[in-house]
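See structure below.
The values are calculated or read from the model by the stated rules, or taken from the named source; none is laboratory data. Quick caveat, the model's predicted, so the values are computed rather than measured. Counting neighbours? That spans all protein chains shown, and the Cβs are built from the backbone with ideal geometry, glycine included. Just the protein is used for accessible areas: all its heavy atoms, side chains included, with ligands, DNA and RNA removed. Shrake-Rupley method; radii C 1.70, N 1.55, O 1.52, S 1.80 Å.
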Amino acid sequence: MRRLTTTRRTAAAASAVLSLALGATACGGSPGPASGKALSGQTVTVAGVWTGSEQKNFRKVLDAFTEKTGAKTVFVPTGDNVSTFVGSKIEGGNAPDVVMVPQVGVLQQFAKEGWLAPLSEKTTTTAEGNLADVWKDYGTVDKTYYGLYFKAAHKSTVWYSPSAFAQAGVTEPKSYPDMLKAGRTLADSGLPAFSVAGEDGWTLTDWFENIYLSQAGPEKYDRLAAHTLPWTDASVVKALTTLGEVFKDKQLVAGGADGALRTDFPASVEQVFGPEPKAGMVYEGDFVGGVAKDEFGKKLGEDAKFFPFPGVGGGKAPVVSGGDAAVVLKDGKNQKAAQQLLEFMATPEAASVWAGAGGFLSPNKDVDLAAYADDTTRFTAESLVGAGDSVRFDMSDQAPAAFGGTKGVGEWKLLQDFLRDPSDPKATAAELEAAAAKAYKN
């Protein structure tokens, strides 16, 4: 997230290079309302982390709301630290009406601070009809539904260069050992297997989470996410050991650990799909495809393909997701219009606007797959929705920000340290537990 979306951690990071070009218009309001619309003359302020093409495409959703209701909308960028931004705005008496929250942990924090208004009955009814229960659960705090998940990320996709695979004579792997074998074959042909964005600690948490969910199973994943299972548990040490096998192998990590720690997320995509390839694969979410297409002119399904992150150690193939939830602030100046915006965002109509623009997945099962612009995205969306309640939300996004979402501390830093030296998984697990205990306070 985050961080970026999806986090914070989504393609927002990758599209940051576009933000300067778009900044002059991105924060402006929607066109003036047509006369006679129900909310004519009213303004809804929406805050979120999105920059660049993500912000531009979200504005298309807001513009559709304006066209429908007459309400003007203003988008306000929060920067990566959403909680600090929102807290300062509330304290200053200038709270936005709606916030797009990229982390479950932050949504829970907002609810416990008493900052959020419950979603309207209409939004709740609509969402119950078109979202899997798991998405409502992630938006609910103490049995009250506060967060409508609008944008999702499928974070169990491994992207690759078809030309690199063809040159090395490898095909899409169906198992985790096959993936590592394919990676070493790539290296033998002159191109390291994976570009790893070690400079951005969140990508390393995603590696860990996919391995852990598949290897340990969803029950332990949920317990670790809630910190009712300690990070010193044998299942964590086992997952770290598995991850360490990748991190310590210079055939598998482009540039080795030192190179990876100097590579941020956008650069990791460039290393596979840019003009001077330095790796054959990059693991990250579906948003990699948007970057490959928008930044490097790759045609999805031809020049850039992905395969599902394979099952590990006999476990099922994982489906880890991230997402951005819309919440209404109690201190916003326009509660009625804010609630109506979320009622609109709960519909497939709203999601289809961004789906057609690209770089977007909706958890809404009523969105017609034909709304997506290409077959690769349609397949990804179908996989995400089809996973239903087996989807597990990004674990670090569920954690307190001090552990799972802050640069230079907590899980991000400790996994960077582990990338640098993966020789002692037990010691890393102990350090993770110490940091988690401090942040969770449980």
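Residue-level check: of (1) within 22 Å of the chain's Cα centre (by Cα); (2) assigned to a loop (DSSP other than H, G, I, E, B); (3) buried (at least 17 other Cβ atoms within 10 Å of the Cβ), residue 249 misses just (1). Restricting segment 140-156 to residues that are of a type in the set (Phe, Trp, Tyr) and crowded, with 22+ Cβ neighbours inside 10 Å leaves a set whose member that is farthest from residue 364 (Cα to Cα) is 146.
Considering each residue of segment 37-46 in turn, none proves to be part of a helix (DSSP H, G or I), modelled with pLDDT of 95 or more and open to solvent by less than 60 Å² (accessible area, probe 1.4 Å). Sub-8 Å Cβ pairs linking a first residue in segment 91-107 that is more than 18 Å from residue 73 (Cα to Cα) and in a helix (DSSP H, G or I) to a second residue that is open to solvent by 10 Å² or more (accessible area, probe 1.4 Å) and modelled with pLDDT under 90, at least 6 apart or interchain, are 105/400; 105/401; 105/405; 106/83; 106/401; 106/405, ordered by first then second residue. Take the conditions part of a helix (DSSP H, G or I) and under 26 Å from the mean Cα position of the chain (by Cα) and apply them to residue 214. Does it pass? Yes.
Taking the numbered list (1) closer than 19 Å to residue 102 by Cβ; (2) in a helix (DSSP H, G or I) in turn, residue 407 passes all entries but (2). Going by the structure shown, is residue 389 open to solvent by less than 20 Å² (accessible area, probe 1.4 Å) and at pLDDT below 95? In short, no. Checked against (1) part of a helix (DSSP H, G or I); (2) open to solvent by less than 10 Å² (accessible area, probe 1.4 Å), residue 257 meets all criteria but (2). Would it be correct to say that residue 195 is of a type outside the set (A, V, I, L, M) and either closer than 27 Å to residue 363 by Cβ or open to solvent by 10 Å² or more (accessible area, probe 1.4 Å) (or both)? No, not satisfied.
Residues to consider are 159, 115; find the one that is among the aromatic types (Phe, Trp, Tyr), surrounded by fewer than 22 Cβ atoms within 10 Å (Cβ to Cβ) and in contact with a strand residue (DSSP E or B) (Cβ under 7 Å, 6 or more places away or on another chain). After ruling out the rest, the residue left standing is 115. Condition (residue is under 13 Å from residue 318 (Cα atoms), in contact with a Leu (Cβ under 6 Å, 6 or more places away or on another chain) and assigned to a helix (DSSP H, G or I)) applied to segment 178-192: is it met by at least one residue? For segment 178-192, residues under 13 Å from residue 318 (Cα atoms), in contact with a Leu (Cβ under 6 Å, 6 or more places away or on another chain) and assigned to a helix (DSSP H, G or I): absent. Among the residues of segment 415-442, those identified as buried (at least 22 other Cβ atoms within 10 Å of the Cβ) and of a type outside the set (S, T, N, Q) are 415, 418, 419, 429, 432, 436.
A quick yes/no check of all residues on (1) farther than 27 Å from residue 212 by Cα; (2) open to solvent by less than 20 Å² (accessible area, probe 1.4 Å); (3) out of contact with any Asp or Glu (no Cβ under 6 Å at 6 or more places or on another chain):
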position: 284; (1), (2), (3): no, yes, yes
position: 293; (1), (2), (3): yes, no, yes
position: 299; (1), (2), (3): yes, no, yes
position: 321; (1), (2), (3): no, yes, yes
position: 324; (1), (2), (3): no, yes, yes
position: 342; (1), (2), (3): yes, yes, yes
position: 346; (1), (2), (3): yes, yes, yes
position: 356; (1), (2), (3): yes, no, yes
position: 366; (1), (2), (3): yes, no, yes
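Which is assigned to a helix (DSSP H, G or I) and open to solvent by less than 40 Å² (accessible area, probe 1.4 Å), of 381, 370?
Answer to the selection: 381.
Being part of a loop (DSSP other than H, G, I, E, B), among the β-branched types (Val, Ile, Thr) and surrounded by 17 or more Cβ atoms within 10 Å (Cβ to Cβ) holds for only one residue in 232, 263, and it is 263. Among the residues examined, residue 134 does not qualify as open to solvent by 10 Å² or more (accessible area, probe 1.4 Å), of a type in the set (A, V, I, L, M, F, W, C), at pLDDT 95 or above and over 24 Å from residue 434 (Cβ atoms).
Every condition in (1) closer than 20 Å to residue 159 by Cα; (2) within 14 Å of the chain's Cα centre (by Cα) holds for residue 375 except the one numbered (2). The selection criterion, being at pLDDT 95 or above, open to solvent by 20 Å² or more (accessible area, probe 1.4 Å), closer than 24 Å to residue 50 by Cα and in contact with a strand residue (DSSP E or B) (Cβ under 6 Å, 6 or more places away or on another chain), does not hold for residue 96.
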